[in-house]
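Okay, here's the structure, questions in a sec.
None of the figures in this text is laboratory data; all of them are computed from the coordinates on show. From a predicted model like this one, the values you see are computed outputs, not experimental measurements. Cβ coordinates were reconstructed from backbone atoms using ideal geometry, including for glycine residues, and neighbour counts include every protein chain displayed.
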Amino acid sequence: MTTRSHTAPANPTTSGGTVAPASGPGTLVSDEVRVVGMVWERELIRYVRTRTRIVSGLIQPVLFLFVLGYGMNGLVGTTGGFNFRQFVYPGVVAMSVVMTAMFSALSIVWYREFGFLREMLVAPVSRVSLVLGKTAGGATVAAVQGTIMLVLAPLVGIRLTPLLVVQMIGLELLMAVAMTTFGVFVASRIQKMESFQVVMQMLLLPMLFLSGALFPLNGLPGWLAVITRVNPLTYAVAPFRQVIFAAQHMSPAARSRFPTNVTLFGYALPIGAELTIVIVFALVFFVLAFRGLSRTE
């Protein structure tokens, strides 16, 4: 009688007695999270190492706050103990966040011009992870830049509270995410750094001036009021002013002269509606940025 020996089939996941690591949904997700973290960390390292970027990002907002603030204060005057410098302060903080967030996308154009972007795009990672990492890094840097501006609040008579600081940082992050995705979207369609800077200046200044950051939105001519209402940055600046003014001791006359809400068709939008508009804006441009980077280089 012949005895047959039954040998177990070789395990396809083994090679040389070593079990190959399993590749599953959990592994893929962890890889994508790692990519997001690496891109985010790269943005922070670039920010910390370029101190001139930190200083230059503060110069223009500080000029608007003190030079324009003191210059216009003589014309606007003081109402109920509240002056123009205090009114313009939230807009200046928003300006610092917006400028830093939008120009953080400049690195994408730099990567494209020197060939590094192609290496990133051919890597076996999702384009969504690249956009998420870039957005997270740019938003973090912009929020830090805006938080630095909080140090100037006592110099213009703005009273800060712990709750107000937390609220401001949260609003800075939301605004920074929205404007970083917008910047990435623009950068995904531009080939040269010089062109990006020109386009950004052409878009940035009108958006800031037409957002109510530097003047009240009440009493505007009809055509100008319409433009400010279709500017998405208007709905990001207004919450800054609302939370800051809520923490100040303002007289009814001052609140009437320096309103905070955005009105549409005679209806004052609550802060929740304004934040929803900003979130929708961020999602739309995140998708557009993803599609822009998904094009063949």
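What nm value, rounded to one decimal, do you get for the distance between residue 273 and residue 195 when each label is placed 7 Å out toward the C-beta?
Between residue 273 and residue 195, the simple spin-label model gives 4.0 nm.
Using per-residue counts of other Cβ atoms within 10 Å, averaged over each peptide, order 195-205, 172-182 from highest down. Can you show the working numbers first?
Details: 195-205: 14.7, 172-182: 27.1.
Those peptides, ordered most packed to least, come out 172-182, 195-205.
How far apart, in nanometres, would the label points at residue 165 and residue 33 be if each is projected 7 angstrom from Cα along the Cα-to-Cβ direction?
The two pseudo-label positions are separated by 3.0 nm.
Enumerate by residue number the trypsin sites (Lys or Arg not before Pro) in segment 252-296 meeting two conditions: DSSP loop (anything except H, G, I, E, B), and at most 15 other Cβ atoms within 10 Å of the site's Cβ. Write down the numbers at each step before the final one.
Numbers: sites: 255, 257, 291, 295; in loops: 295.
Sites meeting the loop and neighbour criteria: 295.
Given the peptides 87-100, 259-272, arrange them by the average over their residues of other C-beta atoms within 10 Å, most packed first. Can you show the working numbers first?
Numbers: 87-100: 26.5, 259-272: 13.9.
The most tightly packed comes first, giving 87-100, 259-272.
Could you grab the relative contact order for segment 33-293? Cα pairs under 8 Å, six or more apart, rounded to a whole percent.
Values: 338 pairs, mean separation 68.2, N = 261.
In percent, rounded to a whole number, it is 26.
Convert each backbone phi in segment 93-104 into a coupling constant with the Karplus relation 6.51 cos²θ - 1.76 cosθ + 1.60 (shift: θ = phi - 60°), then list the ³J(HN,Hα) values in order as whole Hz, x for Gly and Pro.
Each residue's phi maps through the Karplus curve to give 4, 4, 4, 4, 5, 5, 4, 5, 5, 5, 7, 5 Hz.
Now, a different point. Please work out, to two decimal places, the log10 of the ratio I(q)/I(0) at q = 0.11 Å⁻¹ from a Debye calculation in which every Cα of segment 33-293 carries one identical scatterer.
For segment 33-293 at q = 0.11 Å⁻¹, log10 I(q)/I(0) is -0.60.
Of 56, 277, 219, which is farthest towards the positive pole of segment 33-293's charge dipole, taken about the Cα centre with +1 and -1 on the beta-carbons of Lys, Arg and Asp, Glu respectively?
The residue sitting most towards the positive pole is 56.
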